[in-house]
Amino acid sequence: MKNFGLDIWANKNFIIEEGEVRLNYKSMPSLLEITKRIRDNGTRGPLLLRFPHLIKKQIRSLYSHFYSAIEENEYKGSFNAVFPLKVNQFPHAVTAVVQEGKEYYYGLEAGSKAELILAMTQTPLGANITVNGFKDKEMITLGFIAAQSGHTITLTIEGLGELETIIAVAKESNLKVPNIGLRVRLHSAGSGVWAKSGGMDAKFGLTSTEILEAVSLLKAAKLLDNLSMIHFHIGSQMVDIAPIKRALREAGNFYAELKKMGANALENINIGGGLAVEYDQYSHAKSHNYSIEEFSSSVVFLLGEIMDAKGVAHPNIFTESGRFIVASHAVLITPVLELFTQDYHEKLLKFKKNNPPLIEELRELNRLLNNKNCIEYLHDALDHIESLLTLFDLGYIDLQDRSNAEILVHNIIKKSLYLTASYNTDELKQLQINLQERYLINASIFQSLPDYWGIKQDFPIMPIHHLNADPLRAASLWDITCDSDGEIGFNPEKPLYLHDINLDEEDYFLAFFNVGAYQETLGMQHNLFTHPSEYTISIDDESYSLQNNVASKSILNVLASLGYNEQEILNKLKTDLQKSDFITEKEKSDTLTKLETYINQNGYLRTTN
Ligand SMILES: *Cc1c(COP(=O)(O)O)cnc(C)c1O
């Protein structure tokens, strides 16, 4: 797996050249160079790099595939999309989404009051706002205010209570009434971890009986002309296209039935999000079974077919895919602080003029090992080490011999495991697990990869340099939290191999890809590790620039954000040190300066890395 599955998950966004990972775009900067440039100014700890050109690429891909499908199928409705804010609400992600989506009138979706306020301030007039999720009267009133302020906004109701509130607000005020959408509860459930969004027992949506009632409520309130959309969302990261198609058929028929019942203003069908992203580094474990081409043409074809059969005009299509748009734009880079079993490095071998015969044999096995003989040689080596350990116990070989034997066998096992990665016998699996190297990364999995911790979502992981050399070490990654869950264990089914690096001599940086969706807001401050230092990387033909730096929060700011008083903390530290004995005033004041420096930096480790 020398290219770490780049051909599977990277969508040609990154390439390997001269042993380094580069952006496959314009001046093609290398991730290592960007990382070094940022670290040159003293930044330490994990980095989050945002690449807005990758957001642009995904928005274009979404629109252009739907545009082509519409043309090919002679579909009469239009295509529209909104970005669901819950996927990433951070300013430099949202700004990039809005900026890159302008030419398409790409809008925003909100699922809470705070997100709605964000949508009202970030959505360009003319682009759509859709609002989902549970709403109270205030949130509904905010929707009216948005409409009054010139936004094209659709409030999707999740239950009849919300509709009654909309009717009440419309009666009480003269504010412009927003468009109304109905979320339909589909019997065709989704698949995947998030399946609960669809299905009869779904958390959201109106049953068919409720939909009939909604229509009579709207009619009675003379608001039927505001009913413009029906909506469904069957779950995130839909791995299989079959349930999507079932849901489309069902929702399409809901739409057609409503039209026939006289919902004349109804003209949009919103198919929610759920477009999957490839997270897998191993082809045998690909995480979804369809492409954007297949998705867009299935949606357009099916809707056209249903409407034609029922003699109903083709609706405009809305999508709310979020993961698909932003997952790829952010890359997490973490320095490796330590390898825990450096002790077995071949450099530490110290042979004598005359070595015991078994050690000479191990040397030969190690030297001549190749992919044809490795299983046989591995067995010989395991045999020899048993004998050598017995010889040590009996006093026939000394400590230096034993050390040489252990290093040699360790290396023989390591190399054979790498050479036989596909054999997967129980013996090899066990050896692999026993021999894994533990890489300590200067990051928190809870903060930066919460979905790995919470739902075992894999992310592509690879070093950003040293890629000319074969990675030989079966690797598990430990983060710097004091929590045993802060670990990405070695998985023999999806083995991650990394390089054997002498960290005293060189750096080793790992990158985690496709972390732009959901990870940032779901991330938590376990052990008070806060968000990584963030940069937006804007790439042009000649070069690239670092923009929008958001520094990782300082220790003092983290404590303040929990509600502690900064000044009290500073005073307490100062007076305790002032009162202490046995050091000079000069030493006290130097120590105080040090202390102040420390607490005004982020809390990630600042050893050589
Ligand atoms: C979460 C959500 C989305 C986005 O889902 P993705 O899988 O990120 O595309 C879209 N619509 C609604 C209603 C949602 O709740």
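Tabulated data
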{"quantity": "Residue match in the range 117-132 (condition: within 13 Å of the ligand (Cβ to nearest atom), over 22 Å from P91 (Cα atoms) and surrounded by 14 or more Cβ atoms within 10 Å (Cβ to Cβ))", "calculated": "no"}
{"quantity": "The range 593-609, residues that are assigned to a helix (DSSP H, G or I) and surrounded by 15 or more Cβ atoms within 10 Å (Cβ to Cβ)", "calculated": "I599"}
{"quantity": "Residues (in contact with a Pro (Cβ under 8 Å, 6 or more places away or on another chain) and under 14 Å from N442 (Cα atoms)) located in the range 516-536", "calculated": "P532, S533"}
{"quantity": "Filter pass, G304 being over 16 Å from the mean Cα position of the chain (by Cα), more than 16 Å from the ligand (Cβ to nearest atom) and surrounded by fewer than 20 Cβ atoms within 10 Å (Cβ to Cβ)", "calculated": "no"}
{"quantity": "Among (1) at pLDDT 95 or above; (2) among the charged types (D, E, K, R); (3) closer than 27 Å to M462 by Cβ - the single one E294 does not satisfy", "calculated": "(3)"}
{"quantity": "So T165, is it in contact with an Asp or Glu (Cβ under 9 Å, 6 or more places away or on another chain) and either free of Cβ contacts under 8 Å to residues at least 12 places away in the same chain or of a type in the set (V, I, T) (or both)", "calculated": "yes"}
{"quantity": "Hits in the range 174-204 (condition: modelled with pLDDT of 95 or more and polar (S, T, N, Q))", "calculated": "N174, N179"}
{"quantity": "Enumeration of residues in the range 392-413 that are buried (at least 19 other Cβ atoms within 10 Å of the Cβ) and free of Cβ contacts under 8 Å to residues at least 60 places away in the same chain", "calculated": "I397, D401, N404, A405, L408, V409, I412, I413"}
{"quantity": "Qualifying residues in the range 103-115 (those that are charged (D, E, K, R) and over 16 Å from S64 (Cβ atoms)) - the one surrounded by the most Cβ atoms within 10 Å (Cβ to Cβ)", "calculated": "E109"}
{"quantity": "So A81, is it more than 13 Å from the ligand (Cβ to nearest atom) and aliphatic (A, V, I, L, M)", "calculated": "no"}
{"quantity": "Verdict on D240 being within 16 Å of the ligand (Cβ to nearest atom) and at pLDDT below 95", "calculated": "yes"}
{"quantity": "Selection within the range 226-242 - surrounded by fewer than 20 Cβ atoms within 10 Å (Cβ to Cβ), assigned to a loop (DSSP other than H, G, I, E, B) and either more than 25 Å from the chain's Cα centre (by Cα) or not charged (D, E, K, R) (or both)", "calculated": "V239"}
{"quantity": "Only one of S321, S387 that is polar (S, T, N, Q), in contact (Cβ under 8 Å) with a residue 24 or more places away in the chain and either in a strand (DSSP E or B) or within 16 Å of the ligand (Cβ to nearest atom) (or both)", "calculated": "S321"}
{"quantity": "Hits in the range 97-114 (condition: under 24 Å from S533 (Cα atoms) and within 16 Å of the ligand (Cβ to nearest atom))", "calculated": "V97"}
{"quantity": "Check on I333, at pLDDT 90 or above, out of contact with any Gly (no Cβ under 8 Å at 6 or more places or on another chain), within 16 Å of the ligand (Cβ to nearest atom) and closer than 30 Å to V82 by Cα", "calculated": "no"}
{"quantity": "Filtered residue count, the range 207-253, keeping only those that are polar (S, T, N, Q) and touching a Leu at 6+ places or on another chain (Cβ under 8 Å)", "calculated": "2"}
{"quantity": "Single match in E542, E568 (criterion: exposed (fewer than 11 other Cβ atoms within 10 Å of the Cβ), at pLDDT 95 or above and under 18 Å from R37 (Cβ atoms))", "calculated": "E542"}
{"quantity": "Subset of the range 56-100 (residues that are of a type in the set (S, T, N, Q) and part of a helix (DSSP H, G or I))", "calculated": "Q58, S61, S64, S68, T95, Q99"}
{"quantity": "Some residue of the range 358-377 being within 16 Å of the ligand (Cβ to nearest atom) and either farther than 30 Å from A69 by Cβ or part of a helix (DSSP H, G or I) (or both)", "calculated": "no"}
{"quantity": "Top-ranked residue in the range 101-160 [being β-branched (V, I, T) and in a helix (DSSP H, G or I); ranked as farthest from I59 (Cα to Cα)]", "calculated": "T141"}
{"quantity": "Matching option when the condition is in contact (Cβ under 8 Å) with a residue 24 or more places away in the chain, surrounded by fewer than 22 Cβ atoms within 10 Å (Cβ to Cβ) and not hydroxyl-bearing (S, T, Y), among L496, L477, L522", "calculated": "L522"}
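The values are calculated or read from the model by the stated rules, or taken from the named source; none is laboratory data. The structure displayed is predicted, hence computed values, not measured ones. No Cβ is skipped: glycine too gets one built from the backbone with ideal geometry, and neighbour counts run over all protein chains shown.
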